[in-house]
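Since every read-out is calculated from the coordinates, none of them should be taken as a lab result. This is a predicted model, so every value here is computed, not measured. All Cβ positions, glycine included, derive from the backbone under ideal geometry; neighbour counts span all protein chains shown.
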Amino acid sequence: MAPENTVTAPAPDRAPKGAPNRAGDRPASRIRSLLSARETPVVSALVVTLLAAGLFVDMFATGRNIDFLLLSVAAIALMALPMTLIVITGEIDLSVASTLALTSATLGVLWEAGVAIETALWICLAVGALLGALNGFLVTVCGLPSLAVTIGTMALYRGLAYVLLGDRAVASYPQSWIGGVRAPFLGIEGLPWIAVAILVLAVAFGVLLHATAVGRSLFDIGNNDEAAHFAGVPVRWTKFWLFTLSGVVAGSAGFFWTLQYGTSRADTAFGLELQVVAAVLLGGVSIFGGIGSILGVMSGVVLLGAIRNALQLFGISSEVLQVVTGLILIASVVTPNLVARVRARRAPVPGPPSEPTPAPSAASAPTKGEAS
Amino acid sequence: MDPAEVPPPLALVDVTKSFGSVRALRGLSLELRSGEIHALVGENGAGKSTLVKTIAGVHRPDGGQVLVDGSPTGFAAPVDAQRAGVAVIYQEPTLFPDLSVAENIFVGRQPRTRLRTIDRARMRRDTEEAFTRLGVDMDPDRPARGLSIADQQLVEIAKALTRQARVLVMDEPTAALSGVEAERLFTVARTLRDSGAALLFISHRFDEVFALCDRVTVVRDGAFVSCDPTSDLDVDTVVRRMVGREVTSLYPKEDAERGEVLLEVDGLTRHGVFADVSMKVRAGEIVALAGLVGAGRSEVIRAVFGVDRYDAGTVRVNGETLPPGRPRAAMAAGIALVPEDRRQQGLVMESSIERNATATRRWPLSRLGLLRPRAERDSARDWGERLSLKFGRITDPVSTLSGGNQQKVVLAKWLSTDPRVLFVDEPTRGIDVGTKAEVHRLLSTLAGRGLAIVMVSSELPEVLGMADRVLVMHEGRVTAELDRDEADEESVMYAATGQRPNEAA
């Protein structure tokens, strides 16, 4: 039967984070759970892509290009983190790119008004929190579906960005800040500090999702929010804070994005929310909630970026890039279904590999766990 | 005998079916005859559901034969079974809520007019005719949304009638029905039997089996045990055969010392649902909430626990007032609730046994906010052992367990919080007799250890056997409070149906 469950999914994700794994699990079962995990395909695809691109694409494996690649996916990677948690609870936030744009516009207005950029950063984060909280309020208190709510606020926030800036662009940011945002980490070429920061954040999100009580409850909410409610999980509060968090992160992405490109425009990052959702789904998160991991999503983000980057280096036009991205996404959705179907067809003949004694017959004898 | 001459409309011979290494059916034979109601009884996990699904064409047997009118047939898909005249009524039918009753009955095979449009008049006429044959009064034009489960089942039966089904399988149809509704279903079943249909009736309630059925087949561990006319059997024999051992007592409530009042509910009201409900429950006491389905019993305990809101009244645990609508606060105060619908409310079916069993204790099982997988696993295993849970691996999805074992996981989930007040809502619904007795023994032991227990149950024998006190609800109000020695079937049923009990007695 091999149902894809939440049980196996997070397990392999824990290993890279250096969890000591003293649990004494049999290695065989760990390897099996590693192989059956949902994010395995995307992680292996990423490894293959990086190897292939490094070997066959000139200029791919250079510090300059890696630097460019990482900077180009930074904003997506940032926003994908809270998006992962939101999708796992069975909701979605399509307003992230518009939130980014509105904070970017806010930053532009503040900067022109002469507000210090350090102060402006905090205001941007607060704006993001406010926008996210509005989403959360509409979803949890009013009980509206998040898809509808965030399509609405997507248009609303984008519209407000136009109200603030109109067709203008603010591009007078100090060069030191623009350079600072792209600065390498400890002077290592090809490793912008933002990539390190995102990595740290990703580990934090990964620990939150896979190793804490709150993370577990997110999976429960996504699988069966009623049962979660009955087990004392504050379902609505949790969702509210997730949307707020998503807003804060989108706000910080807006701040970063503005300085990265040195300009604030109302139409900035148009359609970026779809790339975020795409990366999340490619990373093995179920759109129906209840399944997913941070490792998979981060691999998805980098995979999409790397393929794009490699094809660009090949000199392939942006139209073709779009087509390729679309095909990859469809493949990523189809593959798990195909795998499940093939498994289901094969299952009846040999039976699932080595199931321990199913504790049948003996009227009341339970399977005695050999634990002391 | 004549049955030998006319082949039975449906028979199974030596059917086997395995899922992986689990042998669900090991050589089961069953013969359904026309004009007969045949009961199938067995513990949960004995293979009844697999058998039903084999008959329905959902599962294909690995070995053995399915005979229709005496000739071997392979049901490759449910549609083949339907064509052979087999209809299955599930415990909880799935109708299309926005379609009318008639549309539901003819879904996928609507009669056409000459213009190839749907012939609504004929659909309605045929539906009415089916209802008349069943002796049921229902409007064919009303939407299916809002129909009670009992009515939904009747719609399914009408659907089977219009399909000219000759074999009708009813899989625990009465599990969610009140007494009156079940009685109506039985009348319909008898009508069908008398018109020559073959019925297979699956139930855990022996009174129903004995009242309704002509023959009883017992299965255990996927194998055939016995098949006898009902008149040759009694409950004890059947139970013994099902369990394969003696079941000493079904309702072993021991006397426990009553302690101080742990739970005090005062004037709890939720408009339109229940009104002015008060109760006091002492340590060591089991209080049963009896009443018909829909009397508001589950709603009351859900409100007390905080998953539902209430409009007025107070809840005090150990003298301290509980804030409304906060399950966490209730849990912190030592309340646990084993909900009515374990698949929807009690468990996250996709999640593992381990994670379900520890879902209520993730903070205590963490250190510095990080979960300790080892501690989780050990704790889940420990509780599995204490409740004699039968499972393969502790990391298997909880959906792989049988109903009784799923219920044990829910119990583990809540008992492990070390509650002082325990609410159990239909704790033995859809559970086999063996596990049922275990659950009853467990509740009794817990009361003995000083827990205050409130049990909602629709099974009168359970209520009368287990409870120290019985609160009877009718239409959202408590209509009677009976002590153990005053409570009998009559007094409870009087109060449950809202009739004035004789106050003097």
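Label separation (A:F288 vs A:F270): 3.6 nm, computed from points 7 Å beyond Cα along the C-beta direction. For A:A116 and A:T62, the difference between the fully extended length at 0.36 nm per residue and the C-alpha to C-alpha distance is 15.8 nm.
Working out 0.36 nm times the residue gap between B:R142 and B:T94, then minus their Cα-Cα distance, what length gain in nm do you get to one decimal?
On the way: separation 48, 0.36 × 48 = 17.28 nm, distance 1.61 nm.
Between B:R142 and B:T94, full extension yields an extra 15.7 nm.
Computed from the C-alpha gyration tensor, the three semi-axes of the ellipsoid equivalent to the protein assembly as shown are 54, 33, 28 Å, from longest to shortest. The order of B:L401, A:L138, going from fewest to most other C-beta atoms within 10 Å of their C-beta, is A:L138, B:L401.
Ordered by packing density, taken as the mean number of other Cβ atoms within 10 Å over each peptide's residues, highest first, how do B:412-418, A:173-179, B:368-374 rank? Please list the in-between numbers first.
Working: B:412-418: 20.9, A:173-179: 12.6, B:368-374: 14.3.
Result, highest mean Cβ count within 10 Å first: B:412-418, B:368-374, A:173-179.
How well do other chains shield peptide B:340-348, expressed as the mean number of their Cβ atoms within 10 Å of each residue Cβ? Don't skip to the answer; put the middle values down first.
Working: counts 0, 3, 1, 2, 4, 7, 5, 6, 15.
Other-chain Cβ atoms within 10 Å of each residue's Cβ, averaged: 5.
Per-residue counts of other Cβ atoms within 10 Å, averaged by peptide: what ranking do you get for B:323-336, B:453-466, highest first? Don't skip to the end; give the middle numbers.
Numbers: B:323-336: 18.6, B:453-466: 22.6.
Output ranking for B:323-336, B:453-466: B:453-466, B:323-336.
What's the long-distance tail for the stretch A:37-342, i.e. % of Cα pairs beyond 36 Å? Spell out each step's value before the answer.
Working: 7492 of 46665 pairs.
It works out to 16 percent of all Cα pairs.
Note on B:329-338: average number of Cβ atoms from other chains within 10 Å of each residue's Cβ is 1.
For chain B, the longest principal axis of the C-alpha atoms and the axis of helix B:403-415 are separated by about 10°. Between the stretch B:26-42 and the stretch B:191-220, how many Å separate their Cα centres? So the two Cα centres are separated by 9 Å. Each of B:V348, A:V196 was scored by other Cβ atoms within 10 Å of its Cβ. Arranged with the fewest first, they read A:V196, B:V348. This model, with +1 at the C-beta of Lys and Arg and -1 at the C-beta of Asp and Glu, gives the stretch A:231-349 a dipole about its Cα centre of some 560 debye. What net charge is computed for the residues neighbouring A:A161, neighbours being all others with C-beta under 15 Å from the C-beta of A:A161, Lys and Arg scored +1, Asp and Glu -1? It works out to a net charge of -1. If you take the Cα centroid of the stretch A:82-116 and the Cα centroid of the stretch B:97-161, the two points sit 52 Å apart.
Would you please give the FRET efficiency between B:D236 and B:D266, computed as 1/(1 + (r/R0)^6) with r the Cβ-Cβ distance and R0 = 41 Å, to the nearest 0.05?
Working: r = 44 Å, r/R0 = 1.08.
In this case the efficiency is close to 0.40.
If a paramagnetic tag sat 7 Å from the Cα of A:L313 along the Cα-Cβ line, which residues of the stretch A:180-205 would have the backbone N under 18 Å from that point? A:189-192, by backbone N distance to the label point.
Across the residues of B:375-387, average count of Cβ atoms on other protein chains within 10 Å?
Values: counts 0, 2, 5, 4, 0, 1, 5, 2, 0, 5, 5, 1, 1.
Mean inter-chain Cβ contacts per residue within 10 Å come to 2.
Taking K and R as +1 and D and E as -1, what net charge do the other residues with C-beta under 11 Å from the C-beta of A:P192 add up to? Computed value for this residue: -1. For the peptides B:148-154, A:183-189, the ranking by mean Cβ contacts within 10 Å, running from highest to lowest, is B:148-154, A:183-189.
Working note: Karplus 6.51/-1.76/1.60 with θ = phi - 60° gives the stretch B:327-336 the couplings x, 4, 5, 5, 5, 5, 7, x, 9, 10 Hz, where Gly and Pro are set to x. On the basis of the beta-carbon distance and an R0 of 22 Å, B:D382 and B:T445 show a calculated FRET efficiency of 0.85.
Cβ-to-Cβ counts within 10 Å put A:F56, A:F219 in ascending order as A:F56, A:F219, the fewest first.
Cα centroids of the stretch B:284-345 and the stretch A:213-263: how far apart, whole angstrom? Cα centroid of the stretch B:284-345 versus Cα centroid of the stretch A:213-263: 29 Å apart.
Compute the acute angle (0 to 90°) between the alpha-carbon long axis of helix B:179-194 and the principal axis of greatest extent of the alpha-carbon atoms of chain B; round to the nearest 10°. Rounded to the nearest ten degrees, it is 10. The charge dipole of the protein assembly as shown, taken about the Cα centre with unit charges on the Cβ atoms of Lys, Arg (+1) and Asp, Glu (-1), comes to about 2740 debye, rounded to the nearest 20. A full extension of the chain between A:V323 and A:I178 corresponds to an added length of 49.0 nm, given 0.36 nm per residue minus the alpha carbon distance.
Run the helix sum for the protein assembly as shown: -39,500 (n - 2.57) per DSSP H stretch of 4+ residues, divided by residue count, reported at 222 nm to the nearest 500 deg cm²/dmol.
Details: 31 runs with 402 residues, N = 877.
So the calculated ellipticity at 222 nm is -14500 deg cm²/dmol.
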